[in-house]
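The values are calculated or read from the model by the stated rules, or taken from the named source; none is laboratory data. The structure presented is a predicted model; accordingly, all values stated were derived computationally and were not measured. FYI the Cβ positions are ideal-geometry reconstructions off the backbone, even for glycines, and counts take in every protein chain you see. When the accessible area is computed, the model is the full protein with side chains, heavy atoms only, and any ligands, DNA or RNA have been set aside. Shrake-Rupley method; radii C 1.70, N 1.55, O 1.52, S 1.80 Å.
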Amino acid sequence: LILYYLLIVVASLAPLGFSALVGGTLGRINHFFASLVSTSAHALISMFLVYPLLVGFKRGIMDLRTQDNIKGCIFYAFDSSKYMNIVRGLSLYAVIGIIPDVLGIVDSLIPFINLSFVSTVTTFGMVFVNAFLLTFVEQIVADNNEISPTDACLKSISLMTGRKMELLDLFLSYFVLILIVIVTCGIAGIYVAPLINCAVTCYYERIKEEYYV
């Protein structure tokens, strides 16, 4: 899982690197156009590469409950029979994630309207939404690759109803490890992130069973 997570980290650097390249090159010509291309590229690379890799990662964690060999699970989403269904299932999740970037584009398009504060607040709001409402979208899509984008998000919200404090307690139980990640400038995250992902996915498996009872 650590090796698979490293692959995801490397893949995640692709949209960031592309955004930096586009921002530096096109930014000299037109800041709005640079922001638009950068945001679009970031969203597309995330939706078609990074998120499917994360779905395979979560599928592998689920499979560890019943089998020891999860070789190849990282590419679970790239099976031709599943890939487009999985991308479609994650599309609303991906769109919600780029809302702060879209606000930044609007801000650059209309200079006399300062949306920087709104964008900052929205960013923190998206962190809450992704951490406590859309937490299980990737697990849900890994469970059912034919689910619709809306249903994946709504099911995650339903699963989290009344359980936000439980999930917060789960995150807080790894507080010391998260501090170590910060102190080591993210290096310890290579071990800590897969560990927390395992805990959250196991939590999903438990509440999913309760949800269907």
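Of note:
- Looking only at the stretch 73-106, and only at residues there that are assigned to a loop (DSSP other than H, G, I, E, B) and more than 17 Å from the chain's Cα centre (by Cα), the one that is farthest from Ile140 (Cα to Cα): Ser80
- The stretch 151-199, subset among the small types (Gly, Ala, Ser) and more than 20 Å from the chain's Cα centre (by Cα), residue farthest from Asn85 (Cα to Cα): Ser173
- Boolean, Ile2 is open to solvent by 50 Å² or more (accessible area, probe 1.4 Å), among the β-branched types (Val, Ile, Thr), closer than 23 Å to Ile190 by Cα and modelled with pLDDT of 75 or more: yes
- Of the residues screened, Ile140 is one that is open to solvent by less than 30 Å² (accessible area, probe 1.4 Å) and either in contact with a His (Cβ under 7 Å, 6 or more places away or on another chain) or under 26 Å from Cys73 (Cα atoms) (or both).
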